[in-house]
1. Taking segment 4-31 only, how many residues are surrounded by fewer than 10 Cβ atoms within 10 Å (Cβ to Cβ) and assigned to a helix (DSSP H, G or I)?
2. Inspect segment 74-94 for any residue being free of Cβ contacts under 8 Å to residues at least 24 places away in the same chain, of a type outside the set (Asp, Glu) and outside any helix (DSSP H, G or I) and give the result as yes or no.
3. For segment 14-26, enumerate the residues that are of a type outside the set (A, V, I, L, M) and within 18 Å of LYS52 (Cα to Cα).
4. Name the one entry in ALA78, ALA74, ALA20, ALA62 that is at pLDDT 95 or above and either in contact with a Gly (Cβ under 9 Å, 6 or more places away or on another chain) or aromatic (Phe, Trp, Tyr) (or both).
5. Which of the residues spanning segment 60-78 are surrounded by 12 or more Cβ atoms within 10 Å (Cβ to Cβ) and more than 26 Å from PRO26 (Cβ to Cβ)?
Amino acid sequence: MCELTIALKTLKRPRLLTAAARHGLPPYRRERHLSRILRQDSLPTPRKALTKLLDLETEMNARRQQAQNDYCIADHVAVLTALMAEARLLQSAPPNISQRLEPA
């Protein structure tokens with residue numbers, strides 16, 4: 001968790017991008033949004049989701065900085081929103097929740 005916390009705390013993005021992501025938090029629904037963003041049917045644990053989302057966001061941010069044609073700001077906002085929501089979920093969970101939620 002410590003590595004994830006450091007990665008999240010050191011994430012620096014434009015204010016407008018993070019503000020848009022924060023506005024997406026109230027309507028965020030893990031089952032609906034996370035499965036679409038990660039393109040998988042089964043939902044990972046919050047810890048695994050954060051790892052995947054961080055990788056995805058890093059790729060998106062690189063495309064943003066390079067002004068690539070395939071960059072989509074709406075997708076970037078959705079990923080940042082999911083990152084924020086999953087981080088909150090992990091913080092509010094009991095200490096060993098990720099181990100209890102792991103598939104057998």
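The values are calculated or read from the model by the stated rules, or taken from the named source; none is laboratory data. All values reported here derive from a predicted model rather than from experimental measurement. Note that we place each Cβ from the backbone using ideal geometry, even for glycine, and neighbour counts take in every protein chain shown.
1. Residues flagged as surrounded by fewer than 10 Cβ atoms within 10 Å (Cβ to Cβ) and assigned to a helix (DSSP H, G or I) within segment 4-31 amount to 3.
2. The answer is yes, given that some residue of segment 74-94 is free of Cβ contacts under 8 Å to residues at least 24 places away in the same chain, of a type outside the set (Asp, Glu) and outside any helix (DSSP H, G or I).
3. Listed by number, the list is empty, since nothing qualifies.
4. Among ALA78, ALA74, ALA20, ALA62, only ALA78 is at pLDDT 95 or above and either in contact with a Gly (Cβ under 9 Å, 6 or more places away or on another chain) or aromatic (Phe, Trp, Tyr) (or both).
5. ARG63
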